[in-house]
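Report on one structure; see the data block that follows.
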Amino acid sequence: MDRIRTALDLYRELKSTSAAEATPKRSAGEQAVPPPITYTRTRSLTVPRSVLQGHRVMAAHNKGPFVDAYKILRTQVTHRLRENGWNVVGVTSPGYGEGKTLTAINLAVSLAMETTQTVLLVDSDLQDPSVHKVFGVQDCLGLADYLLDDQPVEDLLLHPGIGRFVLLPGGRAISNSTEILTSPKMVALVEELKHRYPSRFVIFDLPPLLHTADVLAFAPYTDALLMVVEEGKTTGEELQRALGLVRDSRPVLGTVLNKAGRSSLGLADMKAMLS
């Protein structure tokens, strides 16, 4: 853990000497409370509580350190986004299995449980799309099918019955994910998702940073990134490399330290260390 904190300190020093901060995309201000939503075209799911609990989705738990940790992360992320006028966040990690998908899901769910915004989670880990499985959905169409087969986005969205939360699954796995994520059609989609609803946050679950070129290629289309690391697994050197790669492309909101302890629920705990 000391190595991770050392890498974070080095990154903060590098970031403080950067020539300029990213230009805010929208003026900060009070967020209007969206009206109640009735989903008509979006497919609604009834996800058993046992499925959510088994996959550690915080909406299935009423209280505990696990829930509190994500509420704290939600507050920190919300403040940082609103003070900069941002609404598009990419969630990544240096390597595989460090909890970035679970963090992206629970951050999105936590945000959607508030009444001041809607949230869209996009599974953009196109080499290994897996977000839909967390909600008990097996094979389904998704982002890859929109980009490659012209499936309408409206027909691909899922509402798992949680607050103002909607999911765009990844669909089938594809090998040329970097090229697809930076295609004109994908860029146009991001712009549409970003600007269509001013009170909506868009969270992209991205691949691991050190194993594909996807994050480096796609990062410029986000407002900021969130880095997930796992205590006892991610090394300080890996974190330093990952932060160094994205330092000049997009701001990093901070780093989430996953599995920093064990909660009373027996679930992997986490805490946020936003830089």
I need every pair where a residue in the stretch 218-234 that is over 17 Å from R80 (Cβ atoms) has its Cβ under 7 Å from the Cβ of a residue that is assigned to a helix (DSSP H, G or I), sequence separation at least 6 or different chains.
F218/L181; Y221/V187; Y221/V190; V229/I4; V229/L239; T234/I4
Of a type outside the set (K, R), in a helix (DSSP H, G or I) and touching a residue at least 40 places away in the same chain (Cβ under 8 Å): is that true of V202 in this structure?
no
Would you check if L126 is on the phi < 0 side of the Ramachandran plot, at pLDDT 95 or above and in contact with a Ser or Thr (Cβ under 7 Å, 6 or more places away or on another chain)?
yes
Could you please find all residues in the stretch 95-113 being in contact with a Lys or Arg (Cβ under 9 Å, 6 or more places away or on another chain) and not aliphatic (A, V, I, L, M)?
G95, G97, E98, G99, N106, S110
Which of the residues belonging to the stretch 211-250 are part of a loop (DSSP other than H, G, I, E, B) and at pLDDT 95 or above?
A213, T222, D223
Return the pair list, or none, for Cβ contacts closer than 8 Å from residues in the stretch 75-88 that are closer than 15 Å to V252 by Cβ to residues that are surrounded by fewer than 18 Cβ atoms within 10 Å (Cβ to Cβ) and among the aliphatic types (A, V, I, L, M), at least 6 apart or on different chains.
Q76/L274; V77/L274; R80/L274; N84/A22; N84/A28
Exactly one condition in (1) in a loop (DSSP other than H, G, I, E, B); (2) without any contact (Cβ under 8 Å) to a residue 60 or more places away in the chain; (3) of a type outside the set (S, T, N, Q) is false for G161; which is it?
(2)
Among what's in the stretch 78-121 and is in a loop (DSSP other than H, G, I, E, B) and among the acidic types (D, E), pick the residue that is farthest from K133 (Cα to Cα).
E114
Being buried (at least 18 other Cβ atoms within 10 Å of the Cβ) and under 16 Å from the mean Cα position of the chain (by Cα) narrows it down to one residue among S93, S130; which is it?
S93
I'd like to verify a number: residues in the stretch 165-187 that are loosely packed, with under 14 Cβ neighbours inside 10 Å and part of a helix (DSSP H, G or I), how many?
3
The stretch 43-71 - residue that is surrounded by 15 or more Cβ atoms within 10 Å (Cβ to Cβ) and among the β-branched types (V, I, T) and, of those, farthest from M227 (Cα to Cα):
V47
Looking only at residues in the stretch 251-275 that are of a type in the set (S, T, N, Q) and assigned to a loop (DSSP other than H, G, I, E, B), which one is modelled with the highest pLDDT?
S275
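Evaluate the stretch 220-242: report whether one residue or more is among the small types (G, A, S) and more than 18 Å from the chain's Cα centre (by Cα).
yes
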Name the pairs whose Cβ atoms lie under 7 Å apart, with the first residue in the stretch 129-157 and of a type in the set (D, E, K, R), the second surrounded by fewer than 16 Cβ atoms within 10 Å (Cβ to Cβ), and 6 or more positions between them or separate chains?
E154/R41
Which of the numbered conditions does V88 fail, given that it passes all the others? Conditions: (1) modelled with pLDDT under 90; (2) touching a helix residue (DSSP H, G or I) at 6+ places or on another chain (Cβ under 6 Å).
(1)
Residues located in the stretch 107-117, provided they are surrounded by fewer than 24 Cβ atoms within 10 Å (Cβ to Cβ) and either within 15 Å of V228 (Cα to Cα) or not acidic (D, E) (or both):
M113, T115, T116, Q117
Residue hits (the stretch 200-224; more than 16 Å from V187 (Cβ to Cβ) and of a type outside the set (A, V, I, L, M)) are R200, F201, D205, P207, P208, H211, T212
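The values are calculated or read from the model by the stated rules, or taken from the named source; none is laboratory data. Since the model is a prediction, treat every value here as computed from it, not as a measurement. Methodologically, a virtual Cβ is constructed for each residue, glycine included, from the backbone with ideal geometry; neighbour enumeration extends over all protein chains shown.
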